[in-house]
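So the structure is just underneath, and the comments pick up after that.
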Amino acid sequence: MKSADVASTNGTEPATPSKGAKRAGAVATWADDRLGLAKATKGLSLRKVFPDHWSFMLGEIALWSFVVLLLTGVFLTLWFDPSMAEVQYNGSYDPLRGVHMSRAMASTLEISFDVRGGLLMRQMHHWAAMIFIAAMMIHLLRVYLTGAFRKPREINWLIGCLLLLLGTIEGFTGYSLPDDLLSGTGVRAADGFMKASPVIGTYMSFFLFGGEFPGDQIIPRFYAIHILLIPGILLALITAHLILVVYHKHTQWPGPGKTEDNVVGPPLLPIYMAKAGGFFFIVFGMTALLGGLFTLNPVWKYGPYDPSKVTAGSQPDWYMGWPDGLLRIIPAWETHLWGFTVSWNIMLPILIAPPLLLMVLMVLPFLESWITGDKREHHLLQRPRNAPTRTAIMAALITFYGLSWAAGGNDIIAIKLNLSINQITYFLRGAVIIGPIIAFIITRRWCISLQRHDEAKLLHGYETGVIVRSPDGGYAEKHLPISEADAYVLTARDREEVYSSNGAADESGVAAPGGRRAAVMNKVRSRLSALMFADNVQKPTAEELHEAQHHSEHELHELEHQISTGPNKHGPTSDH
């Protein structure tokens, strides 16, 4: 921009603003007097620093896929008709022409075959939903395994768990809208799940469906929930999530110059915003590529929903596969009480297990904080190996999830591998219980082994591959000290302290605060703390590091001397 565009001068008098600049200033002053924009943006620095690491992009994938969902969803709402009124289809798709179906199904076919770009938008919307939930899950794993949920970010962890829950519900309401045979089967299953609830189940079904299943209200109600209620809550929670990220400052990986009190990385403008903008177009482009090349939910093959029919091999979207798997492998457990039938084989996998697993995820940060007694603020991330018990807990949960998810395709596994579906079912019944335990033990021991490897690198250096023969004929591999940057990363962690309980009274016989109940809780906490930190390898002390550095320097000088005087020395010799 030229200076003449905003001010004028004759070279001898002070510059004076142009008329355009005066008008712009007047408009800005008028808006600030009424909206307080200057004060509102005072705390938001455009030079705010954001660390740069590939793992931080997982959250951005979830964010940008949500933006793609909003954009494609707006397009689809212009043509979709959420009505269950029966019509006769007379569109472009010949195999279904003349078939009676709901207006919702007919409008879905019209979007797919008659609206320019409609099928692409439908498939992009569905693929973005898949990516959104997958990215949230992986982002949640990254946050947990690196300790990014610790104080002061517990609220953000809870928000993330709620986002995952709402995203799953949003996905279910979304793929139910076309009213095809597959989605109708899913809605029919949901009706059965609700009716499995003792006493209130039939009332829940009656009020949701507006009468006897399937009624004529479920699609319009799902539509309102899908485009208004849940997206509004999601948008509010995502906004709160991002505000808290800015307020608490972003976490960062340990490294030279990085502490709990600073943030090292590029500024928000222009570098980070340019990267984020480019990454949005990458996510958008990949979603468009998937939507254009890979067919998803071809409702024209399933046909309209008919309550008297069920699709063979019908399965929900992947993120609903694990409760479906538990439903398939659980034994036929039922209890008859006071004239009511309690269907445990439906309640446990569908109505109890998902909320229970969500509650476990939500309480994990607070449980760890209570066991360790750590109330400090943390802005440096932890390597998963440096928290073996925490990493092992997540490995156990992932194993349970994965085995349950695999059980959701037990029929497909049996067909493709030519196995007995009964044998697969019996195996998975035991595996979902034993598998997480085995995963916990292996993962924890693996992390402790990696800790020992890091300790060896710190104290003895890295393996050089140089084999030296000693005067007495023995062979040994020489080690060299690691770089200061690598040593900083390996030592940028706290030494763990096992909590010890003082019992019901102190040394003077004075009762502990809280009485006997507090004493019992402290004893439990002490045992859990001992189990949590048992066998962990603590980082070396300053004295041990100093001694190791002195030893490494001696090894380095000895190696250089041996190379310079040995038979394989470099440079000219007396024989050449």
Carbon and sulfur: what percent of the range 309-352's accessible surface (1.4 Å probe)? 65
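Using DSSP to call loops (not H, G, I, E or B), can you name the trypsin sites (Lys or Arg not before Pro) in the range 106-154 whose Cβ has at most 14 other Cβ atoms within 10 angstrom? Each step should come with its number before you reach the end.
Working: sites: R116, R122, R142, R150, R153; in loops: R116, R150, R153.
Hits after loop and neighbour filter: R116.
Given R₀ = 45 Å, what would the calculated FRET efficiency be for I437 paired with K301, taking r from the Cβ atoms and rounding to 0.05?
Details: r = 42 Å, r/R0 = 0.94.
Taking R0 as 45 Å, the efficiency between I437 and K301 is 0.60.
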Solvent-accessible area per residue for the chain (1.4 angstrom probe, square angstrom): 57
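In whole percent, how big is the carbon plus sulfur part of the accessible area of the range 161-245, probe 1.4 Å, protein atoms only? Walk me through the numbers before you get to the answer.
Details: 2840 of 3690 Å².
Carbon plus sulfur share of accessible area: 77 percent.
So what's the net charge close to G465: Lys and Arg +1, Asp and Glu -1, counting the other residues with Cβ under 11 Å from its Cβ? List each step's numbers first, then the result.
On the way: positive: K478; negative: E463, E477.
Spelling it out: positives minus negatives among the neighbours equals -1.
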Taking the full set of protein chains and a 1.4 angstrom probe, give the accessible area of E377 in square angstrom, rounded to the nearest 10. 100
Which of [x] 25.9; [y] 50.3; [z] 28.0 gives mean projected area of the Cα convex hull in nm² as computed here? It is [y]
Nearest 0.05, what FRET efficiency do F340 and R97 give at R0 = 41 Å with Cβ-Cβ as r? 0.30
If you stretched the chain out fully between L545 and S483, how much longer would it get, using 0.36 nm times the residue separation minus the C-alpha to C-alpha distance? 21.0 nm
Please report the accessible area of H546 (heavy atoms, 1.4 Å probe, ligands and nucleic acids excluded) in Å², nearest 10. 130
Return, ordered by residue number, the residues of the range 250-283 whose backbone nitrogen is under 15 Å from a label point located 7 Å along Cα→Cβ of T491. 255-258
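Could you sort I467, I330 by accessible area so the largest value comes first, with the probe set to 1.4 Å? Mind dumping the intermediate values first?
Values: I467 105, I330 35 Å².
Largest accessible area first, the list is I467, I330.
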What is the distance in Å between the Cα centroid of the range 231-305 and that of the range 348-417? 23
Exposed-loop-free span, longest in the chain, where chymotrypsin sites (Phe, Trp or Tyr not before Pro) count as exposed if DSSP calls them loop and at most 10 other C-beta atoms lie within 10 Å: 1-293
Which of L361, S176, P349 sits farthest toward the positive end of the charge dipole of the chain, with +1 on the Cβ of Lys and Arg and -1 on the Cβ of Asp and Glu? S176
Net charge of Cβ neighbours under 12 Å - reference F80; Lys, Arg +1; Asp, Glu -1: -1
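Sort M101, M84 by heavy-atom solvent-accessible area, probe 1.4 angstrom, most to least. Don't jump to the answer; show the numbers that get you there.
Numbers: M101 5, M84 40 Å².
So, going from the largest accessible area down, we get M84, M101.
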Sum of -39500 (n - 2.57) over DSSP H runs of 4+, divided by residues of the chain (222 nm, nearest 500): -19000 deg cm²/dmol
On the Cα set of the range 166-265, report Rg and Dmax in Å, please. 21.3, 66
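The values are calculated or read from the model by the stated rules, or taken from the named source; none is laboratory data. The shown structure was predicted, so the numbers you read here are calculated from the model rather than taken from an experiment. When we count neighbours, we look across all protein chains shown, and the Cβ atoms used for this are built from the backbone with ideal geometry, even at glycine. Surface accessibility is based on the protein's heavy atoms, side chains included, excluding ligands, DNA and RNA. Shrake-Rupley method; radii C 1.70, N 1.55, O 1.52, S 1.80 Å.
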